[in-house]
Amino acid sequence: MEGLFDFIEPGEVVLSSQDAMFSYANHPLVHFYENKGLGSSFMPSNMLQASLYSALKEFPLLLGHIRDGPGGQAKVVVDKHDLNLPEFVESESSIHFQSLKDAQFEWSAWPRGVATVGPITTPNKHGTVKLLNVHVVRLRDNSGLVLFCNIPHIILDGFGYYIFLSHWAALCRASISPGPTSDAGRVSYVFDRAFVDGRLQGQRRPLGKQIVDILTTSSFTSTALNMLSFSSQLRLASLGISVNRGEAHFFRTTRESLEELSSLACAHASGSPAGVSTYAILAAVVGAAICRAQSAADANRGLLAKAVSAAANTISSLFGARPAQFTLVNMVHAHHCLELDPGSCYIGNPVVLLPIQAPAKHLAQAAGEESLAEVAAQVALAVNGTDASIVGEFISILNDNPGAHARYAAYMSSAANKLTVIDERSYNTRGMDFGAGRPTWVSGIPWHIPNFVALFASPSRDGDVYFYVSLWPRVAEALAQDRFFTKYAQFLF
């Protein structure tokens with residue numbers, strides 16, 4: 001921490017309407033490292049902590065406090081005399097790394113208490129939202145290390161998360177094995193949200209009707225939510241997830257299975273299959289399977305549960321959604337649309353939400369190949385060609401409709417037939433080398449927001465993909481029994 005207080009300059013960043021869309025979510029990810037013959041020099045604690053504070057000198061936003069800002073927008077205030085220092089916890093475990101490896105990193109094999117926070121951004125007992133949580137768990141006989149790290153999504157997206165962690169890792173590597181220093185490749189990090197508006201000024205192309213309706217149509221729930229302070233909204237979201245959490249599971253599809261799925265989608269496409277990306281195939285196969293699983297789980301529910309579901313569908317219809325529709329929201333990263341100058345890196349949330357809809361009953365009853373082809377074509381049509389004009393229009397709608405984040409939150413929580421999918425395969429997890437090699441396994445936590453899917457690249461075999469799926473337990477059970485999905489995606493845990 002030496003020199004940190006002298007280095008940090010006071011300032012504030014007013015967070016954008018894009019940031020607000022993700023104001024309730026965290027990035028709680030876990031990284032497992034094996035000690036491969038380094039002995040006591042394996043990821044030493046003093047160097048991990050010292051390099052972390054060095055990294056924070058270039059990421060001062062993570063040392064700020066979230067405050068209510070102008071027009072209902074939150075802001076981050078950095079005060080060198082009142083820094084919001086990260087939560088940095090160290091502990092030891094009696095579990096050996098080999099035991100974790102033998103168990104394929106299944107949840108029950110983990111040390112207890114790895115995750116110090118959950119999937120929802122929550123103020124602590126002092127009312128402070130920590131913008132960085134780190135837990136270092138050193139395993140038995142110094143055989144390995146578990147690194148938990150969380151940053152609230154309102155501060156940055158997954159790309160920004162791994163940009164920071166990779167920067168921290170690079171500084172740690174340099175402290176362990178010092179070498180010649182150079183300014184070549186030095187990066188300037190941009191946190192000012194006005195930067196995005198400046199890059200996208202005047203670029204507009206109409207969005208689909210559904211996302212426009214979601215962001216602009218108010219309900220009693222969204223109006224009431226938007227009247228609360230930022231801190232109160234977070235506490236309400238935390239209370240909601242405590243009684244309505246998703247159960248997380250991992251499935252794996254090999255590159256060979258993915259090639260077979262692509263061939264099936266092309267063979268059963270009603271039109272030209274051109275432009276159907278790997279992401280579209282992955283989103284389609286898991287999305288259609290979850291729709292079938294929800295239908296199977298609903299068929300076994302009692303009368304009271306069905307009545308509650310009917311009421312939720314009525315609320316959903318206020319947003320223009322037909323109750324019989326299955327909605328899949330694609331979270332699309334748009335960093336490539338900003339046309340950054342060489343050596344510059346924007347840290348924020350340049351993410352666009354692009355939903356598709358399909359008849360839930362039809363998807364539940366259709367053959368697996370048919371639903372795969374139909375949903376893949378829709379996903380490809382929605383996300384292909386995402387450019388600056390799409391991002392600019394999305395931001396324009398958010399800016400013109402204050403409280404859009406509350407409308408989106410109310411919509412997504414109003415009925416079961418909704419799913420969010422995000423592709424995390426391109427995140428720079430390979431840069432997570434603190435001087436002892438890359439992580440053997442990267443994971444989400446055992447529970448998350450329900451109806452959420454993240455796609456992870458395999459750390460050990462190029463082309464293989466892991467589905468991190470968080471669902472209500474009854475739906476998760478039905479998904480694990482879906483014959484078409486499990487033919488191509490192996491259930492791990």
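The values are calculated or read from the model by the stated rules, or taken from the named source; none is laboratory data. This is a predicted model, so every value here is computed, not measured. All Cβ positions, even for glycine, are placed from backbone atoms using ideal geometry, and neighbour counts span all protein chains on display.
Things to note:
- Residues satisfying the stated conditions in the range 323-339, i.e. over 15 Å from residue 356 (Cβ atoms), more than 21 Å from the chain's Cα centre (by Cα) and surrounded by 15 or more Cβ atoms within 10 Å (Cβ to Cβ): 323
The rows are residues; the columns are (1) under 22 Å from residue 298 (Cα atoms); (2) of a type in the set (Ser, Thr, Tyr).
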position	(1), (2)
457	no, no
463	no, no
470	yes, yes
474	yes, no
477	yes, no
484	yes, no
487	no, no
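- For the range 390-424, the candidate set comprises residues that are polar (S, T, N, Q) and closer than 27 Å to residue 474 by Cβ; within that set, the residue that is modelled with the lowest pLDDT is 414.
- Lone qualifier among 155, 151, 211 - being out of contact with any helix residue (DSSP H, G or I) (no Cβ under 7 Å at 6 or more places or on another chain) and among the β-branched types (Val, Ile, Thr): 211
- Checking each residue in the range 453-469 for being touching a residue at least 40 places away in the same chain (Cβ under 8 Å) and in a loop (DSSP other than H, G, I, E, B) picks out 458, 461, 462, 463, 464.
- Test: residue in the range 291-303 that is surrounded by 14 or more Cβ atoms within 10 Å (Cβ to Cβ), modelled with pLDDT of 95 or more and either in contact with a strand residue (DSSP E or B) (Cβ under 6 Å, 6 or more places away or on another chain) or not assigned by TED's automatic domain parsing to the domain that holds residue 410 (or both): yes
- For the range 357-413, the candidate set comprises residues that are in contact with a strand residue (DSSP E or B) (Cβ under 7 Å, 6 or more places away or on another chain) and within 29 Å of residue 197 (Cβ to Cβ); within that set, the residue that is surrounded by the fewest Cβ atoms within 10 Å (Cβ to Cβ) is 386.
- Some residue of the range 69-87 being under 22 Å from residue 119 (Cβ atoms) and out of contact with any Leu (no Cβ under 6 Å at 6 or more places or on another chain): yes
- All strands (runs of 3 or more DSSP E) inside the range 24-105 with 3 or more residues being crowded, with 18+ Cβ neighbours inside 10 Å: 29-34, 74-78
- Helices (runs of 4 or more DSSP H) within the range 190-306 that include 2 or more residues in contact with a Ser or Thr (Cβ under 6 Å, 6 or more places away or on another chain): 230-243, 278-299
- Filter result for residue 183 (at pLDDT below 95, of a type in the set (Asp, Glu) and farther than 24 Å from residue 67 by Cα): yes
- Conditions (1) without any contact (Cβ under 8 Å) to a residue 24 or more places away in the chain; (2) assigned to a strand (DSSP E or B); number of the one not met by residue 113: (2)
- The single condition among (1) buried (at least 24 other Cβ atoms within 10 Å of the Cβ); (2) under 26 Å from residue 289 (Cβ atoms) that residue 429 does not meet is (1).
- Among the residues examined, residue 160 qualifies as over 20 Å from residue 35 (Cα atoms), in contact (Cβ under 8 Å) with a residue 12 or more places away in the chain and either surrounded by 21 or more Cβ atoms within 10 Å (Cβ to Cβ) or in contact with a helix residue (DSSP H, G or I) (Cβ under 7 Å, 6 or more places away or on another chain) (or both).
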